[in-house]
1. Leaving out ligands and nucleic acids, note down the accessible area per residue over the stretch 140-201 with a 1.4 angstrom probe, in whole Å².
2. Keeping all protein chains in place, calculate the accessible area per residue for the stretch 83-125 (probe 1.4 angstrom), answer in Å².
3. Using a 1.4 angstrom probe on heavy atoms only, work out the carbon and sulfur share of the accessible area of the stretch 31-149 in %.
4. Please tell me which of these pairs span more than 20 angstrom C-alpha to C-alpha: Lys33/Lys191; Lys94/Lys191; Lys33/Lys150; Lys33/Lys166?
5. Quick one: if the Förster radius is 41 Å, what FRET efficiency do Arg72 and Glu102 give, using the C-beta to C-beta distance and rounding to 0.05?
Amino acid sequence: MDRKTPLSFLMLCFLLLSAALPHRLNAQQLGIKTNLLYWATSTPNVGLEWRLAPHYTLSATFGYNAFNFSNRTNSEGIAVNPKLHHWLIMPEGKYWFCKAFERHYVGVHLLYGRYNVGGVRFPAFLENHRYQGWTSGVGVSYGYQWALGKRWGIEASLGVGYLYFKYDKYNCGACGENLGTYQRHYVGPTKAAISFIYYIR
């Protein structure tokens, strides 16, 4: 996986979003957040969310995982290097029923990412195979945000939608054999988040 690609893509998205948004920051105009559930997969992540209008916000979340887990030997005595290498960008537009950054909202999100994952015991399909490719998709979400004072908040959200995967599949061992190129269509959960938020006023 090219390490320069996700950073360049993130910078481009940030510049495009910044150019399209108002530059005056008043009360709760900008939030910086991180998803604790995403961190549980060992993936550092950060999100920015802008207020566009009294009931609308636009966010962009980015995650990047370049870590290897401890090497192990599988049941056949083959060395395995477990990893969840990937990067993911998820822009989302939200409508807030009360006002921006308060209580209930519904959203529409897009996502795109590239991955090189395998050798981990959960989920089970990754234990003996490695998958390398890309994914894109779209979904809808519902969430709720609680204020924790003037500067902090917490948000919980769930989303469902459609994802398209294209990948090469390999035996999960050193120099694993390429088993072919595949495509997959998926309908189901596309987002789960419990996020801490810091508001810039």
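1. Roughly 60 Å² per residue, with all protein chains present.
2. 47
3. So the carbon and sulfur contribution to the accessible surface is 65 percent.
4. Pairs exceeding 20 Å: Lys33/Lys166.
5. 0.30
The values are calculated or read from the model by the stated rules, or taken from the named source; none is laboratory data. Values in this document were obtained by computation on a predicted structure and should not be read as measured data. Don't worry about glycine lacking a Cβ; one is built from the backbone with ideal geometry, like all the others, and counts go over all protein chains shown. Accessible surface is based on the protein model in full, side chains and every heavy atom, while ligands, DNA and RNA are left aside. Shrake-Rupley method; radii C 1.70, N 1.55, O 1.52, S 1.80 Å.
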